[in-house]
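To keep things clear, I will list the structure first and then write my remarks on it.
The values are calculated or read from the model by the stated rules, or taken from the named source; none is laboratory data. Just so it is clear, the structure is predicted and the values come from calculations on it, not from any experiment. We place every Cβ from the backbone using ideal geometry, glycine too, and count neighbours over all the protein chains shown. Calculation scope for accessible area: heavy atoms of the full protein, side chains included, ligands and nucleic acids excluded. Shrake-Rupley method; radii C 1.70, N 1.55, O 1.52, S 1.80 Å.
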Amino acid sequence: NTIWIQTGNGINSINQNDEIRNINSEDGINIKSFNKEALHDQGKNILFSGFDNIQTLDPSNIDLYQKEKFDLDILNIVGYDNENSFEYLKIDDNNVINIDNETSSVEINLFTNSRIKPEQIKYYLSSKIYDDIIFNGYNNKINLTSVPFYSTNFEIFAINGSGVRSNNSINITVYNAPPWWLRVETIVGYFILLIVFITSFVKYREKKTKELMEGERKSKELEEAKELQNSLLPKVLPNVTGFEISTYLKPATEIGGDYYDFFYEKDNYFYAICGDATGHGVVSGIMVSVTKAGLNGIPMGNPSTILGQLNRIVKRVNFGRLRMSLSVAKFNESSVELSSAAMPPTYFFSSKSKKIEEVLVPNLPLGGIEGEKFDGIKKEFDSGDVMVMISDGLPELPNPTDEMLDYEKVYSCIKNNAEKSADEIKDALVYLSDDWAKGVMNPDDITIVVIKKAA
């Protein structure tokens, strides 16, 4: 009850139920080129003859009609417009694909879990918009064109080489939204939206007018605060006999939290101050103002004593979690006394040894513990020696890849320029920061104070 037919791709069998099965090299046929009449009936066996080999097959020894169960599924769905540009489409939980009139065709890419001759799987498509079931051949890409507006249902199924239909059929709905001008409800919605838009626009204009006035008021206050803070910095650097002084301050915002200052009285004292309030902005600016006022209200003594007195003042003002870091340096005839409240290292260059020392005085910032005792150090400071004070905004400056400049590069820059003038040393550090940042705004204030003992 089986017909056996020689084909270009092995042998086909057709049973009494018109089910077709192909047998080829994947099933064990070892003949590459068949004779013209290659099939021969040998009773229970079938002889295959070819130019390079002959084989016999006992059909009773194989289950020719074993039915492989397989499932059909969607790999992806692609929508194309009239210019053949494409985008991947989504299918929701109700198996609905939403497109609009910009989509000219929909391509559904299918796949199965069949392991037996998947290249012989045939794909079919049916819908009410077609007169009959559409045969898509062996192509697993089904293209839907000229899809009607609104909802259209489609059923997709597959049949393998043995005539077995897939366990499941894929039922999808394509919702093709018509252009808005074809929908009556859109025109109604347009008028509603127009009314809402006009109402919202009037309210928006009123709100923006208020915001503009408020912004102008705040800008004016911010500008006044900026001018006030700038007034806290020395307008001109002191002209101290035997010293070169150079400074630089680049705030991160209109109102910075960094601060430098000098207290000088000829033949009496010379102090250099460098500070950094926590963060930046208005509150940090207030902290700087309090520090400036405190320095002007306490007697000049050794740096450790000055920091202790300032700490009590800042603590009593009670800035909450806000702190003030500060370094105070007192210059004597041939030495310098330094005390620091949580500031970055201070760099000392000795013209005699040609070496740079990185000095870090480990004290707490101002405003922490009221009774804090501040340690200090004393260094020789002779002709040609250099002291550089910085805020942490310089070593922590990021570049476009968010990598920090770090202290090592600051150290190397000072070392390579230490025998130059104070202005040249400061300019080298500024160039280093600009070259490193490459246009990236500094997230923290940058302060540099360079003092060199004239030769």
Discussion item. Rolling a 1.4 angstrom probe over the protein chains, ignoring ligands and nucleic acids, what is the accessible area of residue 48 in square angstrom, nearest 10?
Written reply: 10
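Check the range 37-158 and count each lysine pair with an alpha-carbon distance under 17 angstrom, considering only pairs eight or more places apart or from different chains.
Summing the qualifying lysine pairs gives 6.
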Worksheet entry | For the chain, with +1 on Lys and Arg beta carbons and -1 on Asp and Glu, the positive-most of 298, 110, 96 along the dipole | 298
Worksheet item: Shape call for the chain from the C-alpha gyration tensor, a ≥ b ≥ c root eigenvalues: rounded (a/c under 1.5), prolate (a/b greater than b/c) or oblate?
Response: prolate
Fill in: Whole-angstrom gap from the range 103-169 to the range 403-432, using each part's C-alpha centre
72
Worksheet item: Along the range 187-196, what does the Karplus equation 6.51 cos²θ - 1.76 cosθ + 1.60 (θ = phi - 60°) give for ³J(HN,Hα), rounded to whole Hz, x for Gly and Pro?
Response: 5, 4, x, 4, 5, 4, 5, 5, 5, 4
Worksheet item: Quick one: ranking 183, 321 by accessible area, 1.4 Å probe, largest first, what do you get?
Response: 321, 183
Item to complete: Excluding residues on the same chain fewer than 8 positions from residue 266, give the lysines whose Cα lies under 18 Å from its Cα.
Response: 330, 452, 453
Practice prompt. Whole Å is fine, so just give me how far the alpha carbon centre of the range 273-344 lies from that of the range 1-50.
Written response: 100
Discussion item. For the pair residue 420/residue 354, report the inter-label distance in nm, with labels modelled 7 Å from Cα in the Cβ direction.
Written reply: 1.8
Discussion item. Given a 1.4 angstrom probe, what's the average accessible area per residue across the chain, in square angstrom?
Written reply: 57
Discussion item. Just to confirm the number: angle between the C-alpha axis of helix 407-417 and the first principal axis of the chain, 0 to 90 degrees, nearest 10?
Written reply: 50
Practice prompt. Calculate the spin-label point distance for residue 200 paired with residue 151, positioning each point 7 Å from the Cα along the beta-carbon direction, and give it in nanometres.
Written response: 3.0
Discussion item. Taking 8 Å as the Cα distance limit and 6 or more residues as the minimum spacing, I'd like the relative contact order of the chain as a percentage.
Written reply: 10
Discussion item. Given points 7 Å out from each Cα along the Cα-Cβ axis, report the residue 208 to residue 167 separation in nanometres with one decimal.
Written reply: 6.0
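Given just the C-alpha atoms of the range 54-179, how large is their convex hull per residue in cubic angstrom? Provide the component values of the computation, followed by the final result.
Details: hull volume 17.2 nm³, N = 126.
For the range 54-179, the hull spanned by Cα atoms encloses 137 Å³ per residue.
So how strong a dipole does the chain carry about its Cα centre when Lys and Arg Cβ are +1 and Asp and Glu Cβ are -1, to the nearest 20 debye?
Numbers: 46 positive and 64 negative charges, 223 e Å.
With Lys and Arg at +1 and Asp and Glu at -1, about 1080 debye.
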Worksheet, complete the sentence: Rounded to the nearest 0.05, FRET efficiency between residue 188 and residue 18 (Cβ-Cβ, R0 45 Å) equals 0.20
Response to the item:
Taking placed amide H atoms and a strict 5 Å upper bound, the residues 5 or more places from residue 406 or on another chain that come that close are 396, 397
Discussion item. Going 7 Å from the Cα of residue 6 along its beta-carbon direction, which residues of the range 24-40 have the amide nitrogen within less than 18 Å of the resulting point?
Written reply: 24-25, 29-40
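Determine the order of 211, 206 by accessible area, beginning with the largest, at a probe radius of 1.4 Å. Walk me through the numbers before you get to the answer.
Values: 211 85, 206 105 Å².
Final ranking, largest accessible area leading: 206, 211.
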